[in-house]
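Let me begin by presenting the structure, written as structure tokens, before commenting on it.
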Amino acid sequence: MRSNEDCSGGQVSSLPFVFFRARPTFIIIALVLALAFSMWIGESLAQGPGQGYDESEAQAIDRMLMCPVCPAESIDQAQVPLARQMRQRVREMLAEGASRQEILDYFADRYGQNVLASPPKSGLNLLAWTLPVVIILAALAGGLLVLKAMTGRGDGSPELSSGGTQTDDGELEPYLKAVDRSLAIDGEDEKSGEE
């Protein structure tokens with residue numbers, strides 16, 4: 001009976017063992033090529049067969065569409081079946097060659113204008129875009145006018161009376177004495193208290 005020995009020295013001749021006798025650089029190159037090929041195959045399978053759209057564009061459109069059944073969530077955030085169907089439809093339309101505006105119009109026709117994350121800039125919706133800007137500008141202008149009016153009077157000089165002279169303390173004297181009497185700090189009361 002014959003053994004599995006080779007005629008050239010008694011070694012086992014099988015294909016895997018022959019591969020390991022090759023040069024180390026050849027092995028490294030072969031492993032790198034195999035890894036690169038497997039990554040290329042994995043990426044093409046992950047995109048799906050016949051994917052003719054840009055995934056980043058699909059995700060941007062997903063963020064522009066609101067879920068009709070979820071309050072305040074776009075279809076890229078929502079996990080309900082309707083949102084998944086809408087995401088799938090976006091990708092189908094992109095693969096068919098539809099533009100971003102065509103896709104948005106499709107969903108707006110089907111679900112109404114409320115499905116759009118940002119209202120269109122026309123009609124009454126134009127008011128929603130312009131009114132906040134107008135209010136902010138008006139508030140800033142009003143604040144500047146108030147500051148200007150406040151700094152115009154505060155120049156540091158005492159206010160002049162109608163006669164054009166400075167207010168004399170003589171006009172205020174009766175009022176000041178009345179305040180002093182009511183507070184009991186009249187100069188005469190202090191002198192009598194010391195005696």
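Just so it is clear, none of the values below were taken in a lab; they were calculated from the coordinates. Quick caveat, the model's predicted, so the values are computed rather than measured. Note that we place each Cβ from the backbone using ideal geometry, even for glycine, and neighbour counts take in every protein chain shown.
Can you list residues from other chains, or at least 5 along the same chain, whose modelled amide H is less than 5 Å from the amide H of residue 116?
Residues meeting the criterion, in which the H sits 1.01 Å from N, are 66.
Can you give the FRET efficiency for residue 39 and residue 59, using 1/(1 + (r/R0)^6), R0 = 30 Å, r = Cβ-Cβ distance, to the nearest 0.05?
Details: r = 22 Å, r/R0 = 0.75.
In this case the efficiency is close to 0.85.
Please identify the trypsin sites (Lys or Arg not before Pro) of the stretch 73-147 that satisfy two criteria: DSSP loop assignment and at most 12 other Cβ atoms within 10 Å. Which are they? The partial results should precede the final answer.
Numbers: sites: 84, 87, 89, 91, 100, 110, 121; in loops: 121.
Filter output for the stretch 73-147: 121.
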